[in-house]
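The values are calculated or read from the model by the stated rules, or taken from the named source; none is laboratory data. If you're wondering where the values come from, they're calculated on a predicted model, not measured in any experiment. Backbone-built Cβ (ideal geometry, glycine too); neighbour counts: all protein chains shown. Please note that ligands, DNA and RNA were not included when accessible areas were found on the heavy atoms of the full protein model with its side chains. Shrake-Rupley method; radii C 1.70, N 1.55, O 1.52, S 1.80 Å.
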Amino acid sequence: MRLFAATLATETNTFSPLPTSLSSYRETVFLRPGEHPTDAPRMCTAPLFVARRRASTDDFTLIEGSCFAASPAGTTNAKDYETMRDEILAQMRAALPLDGVLLGLHGAMVAHGYDDVEGDIIERTRAIVGPKCVIGVELDPHCHLTLKRVRIADVIVLYKEFPHSDVVDRAEEVLDLTLKTIRGEIKPVMSLYDCRQISSYPTTFPLMRGFVDRIKEMEGRDGVLSISIAHCFPYGDVPELSSRVLVVTDGDKAKGEALATKLGTELVGMRGKTQPEYFDVGGAVGTAMTANEGPVVLAEPTDNAGGGAPSDNTTILRELIARNAQNAAIGPIWDPIAVRLCFDAGLGAHFPLRLGGKTGPQSGTPIDATVEVIALARDAWQSFGPTNVPVGDCAAARIGGVEIVLITKRTQALGLELFTNLGIDPRAKSVLVVKSTNHFMAAFGPIAKRVLYVDSDAPLSRDYRKIDYKKVKRPIWPLDAETSPGLIL
Ligand SMILES: [Zn+2]
């Protein structure tokens, strides 16, 4: 039995002012056959990682393809996308004959001229490997689960958890289902329900937690092979942006359709109830500063680099300084120039610095102040589950009672090391501002006395009605009051 595995992935915010090119992939994940790490999977590469571990015990030959992944940002350069895609497809062609293909994709990647990159990759894969080869795909739930992908692939499985703590577990399932299909033990058929809604579904809140736990109970019994909830990615302006429910059953299409419809209808009933309450900037900072015990964590999802935002908006920082906040820290602010200037000024220096507010109009205006350089660190990283995420060279600058973490490799707040690398103890802070949507909860949730979510003026507005969509198919909630959810496959 011969399997091929590869990855091409990013999450594209089509509104982001930061274009994504080959350099962005080279900086993140750019691994050719023979270069794949053995310690832990990198972004979206879990299917290859898991298949390599299991090839000898499950008795198949794995042909390893290239894995390319970039941090979330704007639309990928078309020529660069085609170069990476064609490299993988050429490896696949050279590996024929194949019984199975495992693709670790993201699901919300957009390249210029390609609104459905993953559909394009899956369609070209099918053309190469033929109708009998089994195509198994793992996607992030923040994806556009298009009809094309579901029609052409044999098995698609999405992560269930947000924060995404189950990437490896779901890759194991993709491999299990792919192998069983090749051996003729199951016949997966997929059914897809479109909820016609845009929303966010952190699984750290009770309603979604309960929904996901119930779904897990249904899997592996009565012919239900797998159930996935496509949350959608609200900042990718493509026609099929929408929350969807995918059910994979063993040969029983009618059962799959009935279950997808039942679960999809439930998700429609959860509109407006799956997200936390959002504070405005003044309200959040005021509430945090009057709290009796800390740390009060202020999360700023609107400037989450993990959603393609620049992570250099200054509005909350400006509010903290204006109110003379004490014992406060904020991070990360992505500003490679400010980091360079802090290194040049040196540890302990007091000097005038312009920081943040650089990338676009929604970054706000830069902060100009005399700062104290309180810490410097080269090539730093933060942890996220089993993985280490680089933040590059970083600096901590203090303005009054506010300590600011400046980084050079754009990423969201994930691990406590973001602060401790620079000698800042996040547990001892009264107010702690983190730029992240919900992944921060894995590390910062346990140390927070309270978490407040802030809807600032940074680009990832939590009110989707404020986003200037051009391509999204209408009607869709909450842009439109009247929608027609239903089964689409
Ligand atoms: Zn995601």
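Here is a list of conditions, (1) touching a residue at least 40 places away in the same chain (Cβ under 8 Å); (2) buried (at least 23 other Cβ atoms within 10 Å of the Cβ); (3) away from the ligand (no atom under 16 Å from the Cβ), and PRO188 meets all of them except one; can you say which number that is?
(2)
If I ask for residues that are open to solvent by less than 10 Å² (accessible area, probe 1.4 Å), not hydroxyl-bearing (Ser, Thr, Tyr) and not in a strand (DSSP E or B), which ones from region 423-469 would you list?
ILE424, PRO426, LYS435, ASN438, PHE440, PHE444, ALA458, LEU460
Go over the candidates PRO19, PRO41 one by one and state the one that is open to solvent by 10 Å² or more (accessible area, probe 1.4 Å) and within 16 Å of the ligand (Cβ to nearest atom).
Answer to the selection: PRO41.
Which numbered condition in (1) open to solvent by 30 Å² or more (accessible area, probe 1.4 Å); (2) within 16 Å of the ligand (Cβ to nearest atom) is the only one that ALA305 fails?
Every listed condition holds for ALA305 apart from (1).
For region 197-243, what are the residues that are assigned to a strand (DSSP E or B), open to solvent by less than 10 Å² (accessible area, probe 1.4 Å) and closer than 30 Å to LYS470 by Cβ?
If the condition is that a residue be assigned to a strand (DSSP E or B), open to solvent by less than 10 Å² (accessible area, probe 1.4 Å) and closer than 30 Å to LYS470 by Cβ, then GLN197, SER228, ALA230 are the ones that fit.
Restricting the search to region 252-292, which residues are of a type in the set (Gly, Ala, Ser) and either open to solvent by 50 Å² or more (accessible area, probe 1.4 Å) or in contact with a Ser or Thr (Cβ under 6 Å, 6 or more places away or on another chain) (or both)?
Answer for region 252-292, where residues must be of a type in the set (Gly, Ala, Ser) and either open to solvent by 50 Å² or more (accessible area, probe 1.4 Å) or in contact with a Ser or Thr (Cβ under 6 Å, 6 or more places away or on another chain) (or both): ALA254, GLY256, ALA258, ALA260, GLY272.
Go through region 335-354 and give me each residue that's over 13 Å from GLU372 (Cα atoms) and not charged (D, E, K, R).
PRO336, ILE337
Do any residues in region 44-57 that are without any contact (Cβ under 8 Å) to a residue 60 or more places away in the chain have Cβ atoms under 6 Å from those of residues that are open to solvent by 10 Å² or more (accessible area, probe 1.4 Å), where the two are at least six apart or on different chains, and which pairs are they?
Partner pairs satisfying both residue conditions: ARG52/LEU62; ALA55/LEU62.
Assess whether ASP86 counts as being open to solvent by 30 Å² or more (accessible area, probe 1.4 Å), acidic (Asp, Glu) and closer than 18 Å to ARG32 by Cβ.
yes
Only residues that are in a loop (DSSP other than H, G, I, E, B) and in contact with an Asp or Glu (Cβ under 8 Å, 6 or more places away or on another chain): list them for region 172-196, please.
ILE186, LYS187
Residue by residue through region 478-489, note down the ones that are in a strand (DSSP E or B) and open to solvent by 60 Å² or more (accessible area, probe 1.4 Å).
Listed by number, the list holds a single entry, LEU487.
Restricting to strands (runs of 3 or more DSSP E) lying wholly in region 99-167: which have 3 or more residues that are modelled with pLDDT of 95 or more, open to solvent by less than 20 Å² (accessible area, probe 1.4 Å) and more than 16 Å from the ligand (Cβ to nearest atom)?
100-105, 134-139
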